[in-house]
Amino acid sequence: MESGFGSDFGSDFGSGGSGGGKLDPGLIMEQVKVQIAVANAQELLQRMTDKCFRKCIGKPGGSLDNAEQKCIAMCMDRYMDSWNTVSRAYNSRLQRERANM
Amino acid sequence: RSRGGGAGRVMDAPSAAGLGGADPQLQRFIEVETQKQRFQQLVHQMTELCWEKCMDKPGPKLDSRAETCFVNCVERFIDTSQFILNRLEQTQKSKSAFSESLSD
């Protein structure tokens with residue numbers, strides 16, 4: 001039993017090579033990127049919901065009627081268009097700033 | 001000390017070193033991702049602000065007038081940010097010169 005336990009431990013930490021028991025930085029970086037992407041998507045959704053609720057829902061009824069749903073759907077698309085326009089414009093501005101430095 | 005100019009100032013080197021530890025690859029990764037996040041955050045913020053100024057009723061597409069408004073909005077926002085930083089710098093300079101002449 002003890003030797004079995006010892007050998008398991010040994011295989012985790014004792015085996016030389018480049019990996020050994022260390023964490024893989026490449027894997028960490030990929031996981032972090034995924035988490036960042038998720039956080040950005042959540043942020044986008046949160047703000048989109050806020051804006052489209054304000055634009056499309058007047059006095060809250062007992063359910064979302066067809067007009068409201070149609071409005072929300074269009075609003076979502078327009079919000080994405082706006083986000084992309086802002087992203088492009090900001091990127092252009094940054095490049096212009098760098099070119100002037 | 002801080003790299004990159006314009007609207008995005010990356011973390012100072014000392015704090016980046018703290019997070020990445022001794023690994024230069026991780027350090028570089030953190031710097032790059034931080035820069036990217038600053039960009040993303042500003043896009044979120046400006047989209048929200050400019051939506052209020054440029055969007056009336058959401059239609060079937062983004063018309064050219066609204067699109068122009070968004071572009072102008074971004075430019076003026078950055079201008080505003082730079083204006084504020086510059087003026088603050090100026091008033092700080094004149095303030096410190098003033099307080100130096102006062103202290104004795």
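Miscellaneous remarks
- Neighbouring Cβ atoms from other chains, within 10 Å of the Cβ of residues in A:72-82, number 5 on average.
- Here segment B:62-88 and segment A:56-73 have alpha carbon centers that stand 32 Å from each other.
- Inter-label distance for A:GLN69 and B:ASP23, nm, one decimal - labels placed 7 Å from Cα along Cα-to-Cβ: 4.9
- The equivalent ellipsoid that matches the C-alpha gyration tensor of segment A:37-101 spans semi-axes of 33, 12, 9 angstrom, in descending order.
- In whole angstrom, segment B:26-102 maps to an equivalent ellipsoid with semi-axes of 35, 22, 8, each derived as √(5λ) from the alpha carbon gyration tensor and ordered largest first.
- 20 Å Cα-Cα threshold exceeded, pairs from A:LYS51/B:LYS61; B:LYS36/B:LYS61; A:LYS59/B:LYS53; A:LYS33/B:LYS61; A:LYS55/B:LYS61: B:LYS36/B:LYS61; A:LYS59/B:LYS53; A:LYS33/B:LYS61
- Peptide B:39-52 has a mean of 6 when you count, residue by residue, the C-beta atoms of other protein chains within 10 Å of its C-beta.
- Rounded to the nearest 0.05, the FRET efficiency derived from the C-beta distance between B:LEU85 and A:LEU23 at R0 = 41 Å is 0.55.
Bear in mind that the values in this text are calculations on the coordinates, not laboratory data. What you are looking at is a predicted structure, and each value in this text was computed from that prediction instead of being measured. So basically every Cβ, Gly included, is an ideal-geometry build from the backbone, and we count neighbours across all protein chains shown.
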